[in-house]
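First the structure, in the form of structure tokens, and then the observations on it.
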Amino acid sequence: PDFKPGKVLTKMFEEKKLGRKSPQGFFDWSAGRPKVDKSKKAGLFSVENSMAIMLNEGCRLLDEKVVTGFKLIDDANMAGMNTPGPFGGGKKQFEKWSNLLEDLADKTGKDYLRPCELMKSGGFVDMRK
């Protein structure tokens, strides 16, 4: 149930609004390929929310003793995605990011997004190894 299609997609599917095939969906395809106004931001993505989720998942790995220190997680992130891991920024932002996740969990109804105790407390800061 946590990873089922969202309400908007489910409603559109039920209403047969399948995009180009129907020709309704997120855009009106009746006159051909729609022009997308790229100057308007949808506001659907937040890098900070993504980093908060990554930090929370990393803290869960530490808490469950899957890894012995957060350096391994940050190093794996750098090796795999060529971006810094969540713990560098998380050491300074964990309180703010914990609040972001509480809000996100409330808005979405997805309790798995709530920050774990290790993240909320900042106890991971001393778990570098």
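Residue pairs whose Cβ atoms lie under 6 Å apart, separated by 6 or more positions or on different chains, with the first residue in the stretch 37-65 and under 19 Å from residue 84 (Cβ atoms) and the second acidic (Asp, Glu), do not occur.
When 79, 105 are screened for being among the hydrophobic types (A, V, I, L, M, F, W, C), free of Cβ contacts under 8 Å to residues at least 40 places away in the same chain and in contact with a Lys or Arg (Cβ under 8 Å, 6 or more places away or on another chain), only 105 passes. Picking from residues in the stretch 92-112 that are within 15 Å of residue 54 (Cα to Cα) and modelled with pLDDT under 95, the one that is surrounded by the fewest Cβ atoms within 10 Å (Cβ to Cβ) is 112. Would you confirm whether any residue within the stretch 9-26 is part of a loop (DSSP other than H, G, I, E, B), touching a Gly at 6+ places or on another chain (Cβ under 6 Å) and of a type in the set (Gly, Ala, Ser)? Yes, the stretch 9-26 has at least one match. Name the residues in the stretch 9-30 that are among the charged types (D, E, K, R) and either under 26 Å from the mean Cα position of the chain (by Cα) or modelled with pLDDT of 90 or more (or both), would you? Result: 11, 14, 15, 16, 17.
Of all residues in the stretch 67-91, how many are at negative phi, among the polar types (S, T, N, Q) and surrounded by fewer than 15 Cβ atoms within 10 Å (Cβ to Cβ)? Summing the residues that are at negative phi, among the polar types (S, T, N, Q) and surrounded by fewer than 15 Cβ atoms within 10 Å (Cβ to Cβ) in the stretch 67-91 gives 2. Residues in the stretch 55-65 that are under 17 Å from residue 102 (Cα atoms) and surrounded by fewer than 19 Cβ atoms within 10 Å (Cβ to Cβ): 57, 60. State whether the residues of the stretch 12-35 include one that is under 17 Å from residue 108 (Cα atoms) and either touching a Lys or Arg at 6+ places or on another chain (Cβ under 9 Å) or not assigned by TED's automatic domain parsing to the domain that holds residue 116 (or both). Within the stretch 12-35, not a single residue is under 17 Å from residue 108 (Cα atoms) and either touching a Lys or Arg at 6+ places or on another chain (Cβ under 9 Å) or not assigned by TED's automatic domain parsing to the domain that holds residue 116 (or both).
The values are calculated or read from the model by the stated rules, or taken from the named source; none is laboratory data. Just so you know, these numbers come straight off a predicted model, no measurement behind them. Quick reminder, even Gly has a Cβ in these numbers, built from the backbone with ideal geometry, and neighbours come from all protein chains shown.
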